[in-house]
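The values are calculated or read from the model by the stated rules, or taken from the named source; none is laboratory data. No experiment lies behind these values; they were computed from the predicted model shown. As a convention, Cβ positions derive from the backbone with ideal geometry for all residues, glycine included, and neighbour counts pool all protein chains shown. When the accessible area is computed, the model is the full protein with side chains, heavy atoms only, and any ligands, DNA or RNA have been set aside. Shrake-Rupley method; radii C 1.70, N 1.55, O 1.52, S 1.80 Å.
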Amino acid sequence: MPKNRSRGYRVDEDELREVLEEVFSRRTLMALYDLLNKGVIKRVYGVVAAGKEARIYWGKGKNEEDVAIKIFLVETAEFRRSMMRYIIGDPRFKHVRRDRWHIIKLWCSKEYKNLMRAYEAGIPVPRPISFKENILVMEFIGKQGTPAPLIKDSPPEDPDRTMKEIINYIDVLFNRAKLVHADLSEYNIMNHDGRLYIIDWGSSVHISHPEAINFLRRDLMNIIRFFTELGAERVDIEKCIRRIISKQSLPPL
Ligand SMILES: Nc1ncnc2c1ncn2[C@@H]1O[C@H](COP(=O)(O)OP(=O)(O)OP(=O)(O)O)[C@@H](O)[C@H]1O
Ligand SMILES: [Mg+2]
């Protein structure tokens, strides 16, 4: 079979097809081939992490840089139900079809857009690269295909300073990017040789979402709980919320 040639590099499609076809649906494969043909990704290596909603693959990008390829699973029905809470009420997603494939695609594009907004606001996140259907491509955080550890397994050296740093990110996210992460905890922050990266942005909502303040409170509670257990100074959550939201300019009366 002829090898696929596009924009001056080759992808060993036969080999790739063999491995991937067992694992993915036809639609997922089509999306993956599209990213390969466009040159967004050059190679896909093994799976490096498997979460509730997605699998993360290590691969190589356009310039041989390491990329993380997050492929959302279409089969997880439970996941689809819980997603609606974060989609309905966000003005960016007014017209939503409710079939499974569309919700997953929407979720993936939502994660990409959230990631981009956070990145542009200066929050430390993996640099977003591209997305197609249920596949998100971003900067790989780690070394040689091994993801950097999460802070739950590799706690930062100075809990007090780090907690304040993260609370500041939550503030910047709210006031500059107009987002609430909504799934923030020690499970979604990576520690790459002392540099933090906040991941997993699918749940994030616009600050006008009716539950935005509840999600903000939950994010802050998770962070403050985790770091005070490590010895950080106690922080008054309600004061913290008031300080963050008071920076929003109020609509004219
Ligand atoms: N950009 C990245 N670079 C390297 N590894 C990553 C990257 N993004 C995610 N990972 C790894 O994949 C794991 C799962 O990622 P993520 O939290 O985004 O997916 P998830 O399906 O929501 O997972 P979970 O259900 O466990 O929250 C992370 O804990 C991390 O180990
Ligand atoms: Mg996660």
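Its residues counted as N, the range 21-142 yields a C-alpha radius of gyration over 2.2 N^0.38 Å of 1.05. Would you please classify the overall shape of the range 115-207 from the alpha carbon gyration tensor, given that a ≥ b ≥ c denote the square roots of the eigenvalues, rounded means a/c under 1.5, and beyond that prolate means a/b larger than b/c while oblate covers the rest? Oblate, because a/c is 1.5 or more while a/b does not exceed b/c.
The Rg/Rh ratio of the range 107-154, with Rg taken over Cα atoms and Rh as the Kirkwood radius over Cα pairs, comes to 1.01. Accessible surface area normalised per residue over the chain is 52 Å², counting heavy atoms of protein chains with a 1.4 Å rolling probe. For the range 161-229, the fraction of C-alpha pairs farther apart than 15 angstrom is 50 percent. Taking only the Cα atoms of the range 146-190, the radius of gyration and Dmax are 11.6, 34 Å.
When the Gaussian network model of the chain links Cα atoms closer than 10 Å, the mean-square fluctuations of 182, 50, 31 top out at 50.
When all protein chains stay in place and ligands, DNA and RNA are ignored, the 1.4 Å accessible-area order of 192, 209, largest first, is 192, 209.
For residue 153, what accessible surface area do you get with a 1.4 Å probe? Give it in Å², rounded to 10. Per-residue accessible area (residue 153): approximately 100 Å².
Go through the range 47-76 and name the trypsin sites (Lys or Arg not before Pro) that are in a DSSP coil and have 12 or fewer other Cβ atoms within 10 Å of their Cβ. Taking the range 47-76 and a limit of 12 other Cβ atoms within 10 Å, the loop trypsin sites (Lys or Arg not before Pro) found are 52. Amide H to amide H, with H built 1.01 Å from N, residue 142 comes under 5 Å of 148, counting only residues 5 or more places away or on other chains. Computed with a 1.4 Å probe on the full set of protein chains, the accessible area for residue 169 sits at about 50 Å².
Based on alpha carbons, the Rg and Dmax found for the range 80-238 are 15.7, 46 Å. Just flag the GluC sites (Glu not before Pro) in the range 149-232 sitting in loop per DSSP whose Cβ has no more than 11 other Cβ atoms within 10 Å. Hits after loop and neighbour filter: 157. Computed per residue of the chain from DSSP H runs no shorter than four, each worth -39500 (n - 2.57), the mean residue ellipticity at 222 nm is -12000 deg cm²/dmol.
Taken along the Cα-to-beta-carbon direction at a fixed 7 Å, the label points for residue 192 and residue 235 span 2.3 nm.
In this structure, the residue pairs whose Cα-Cα separation is over 27 Å, taken from 110/247; 132/152; 178/239; 52/143; 105/143; 52/239, are 132/152; 105/143; 52/239.
Each Cα pair under 8 Å and six or more residues apart adds its sequence gap; the mean of these over the residue count of the range 146-194 is a relative contact order of 65 percent.
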